[in-house]
1. Show me the helices (runs of 4 or more DSSP H) entirely contained within the stretch 21-123 in which 3 or more residues are charged (D, E, K, R), modelled with pLDDT of 90 or more and surrounded by 12 or more Cβ atoms within 10 Å (Cβ to Cβ).
2. One residue is enough: does the stretch 6-15 have a residue meeting the conditions at pLDDT below 90, assigned to a helix (DSSP H, G or I) and on the phi < 0 side of the Ramachandran plot?
Amino acid sequence: MKRDPADGTGGLAAAAEIASGFSVEAYRGLRPGLDPSTPDTPEWAKAIDILKLRLEERFLRPIDHLARLRRRTDGVVPGFAMLALDCVVIDTLQSFREGRVATGEGSAAHSFREFLKSPRFAD
């Protein structure tokens, strides 16, 4: 499938979900109202809520679930899986910061370097 970075969906099917209950088609409808010069709009509030939900569903809740498994004595050792998800979160956040829209744009090494150069890690 040819990717179209112009709309920020990487050529995904309209019915694909960005987050639970929010499709690519809905994003395409929201996208024209996302003007960086006017960040205090209902469209931006909706986009932020969707991003939070996406991060929670795909990364943060699974990490929490794995952390609970670690406390049990069932032979599960999820530390590496948790760390891998942490790394994907960093790459995802940096991708949003850089405006990357397609998988494979840029490198994970670049993402980590740039992420760790942010002011939050200055000390």
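The values are calculated or read from the model by the stated rules, or taken from the named source; none is laboratory data. Computed from a prediction, not measured in an experiment: that's the story for all the values here. Here the Cβ positions follow ideal geometry from the backbone for every residue, glycine too, while neighbour counts run over all protein chains shown.
1. 42-55
2. yes
Let's see how each residue does on (1) under 28 Å from H65 (Cα atoms); (2) not acidic (D, E):
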position: V76; (1), (2): yes, yes
position: G79; (1), (2): yes, yes
position: L83; (1), (2): yes, yes
position: D86; (1), (2): yes, no
position: V89; (1), (2): yes, yes
position: T92; (1), (2): yes, yes
position: S95; (1), (2): yes, yes
position: E98; (1), (2): no, no
position: A108; (1), (2): yes, yes
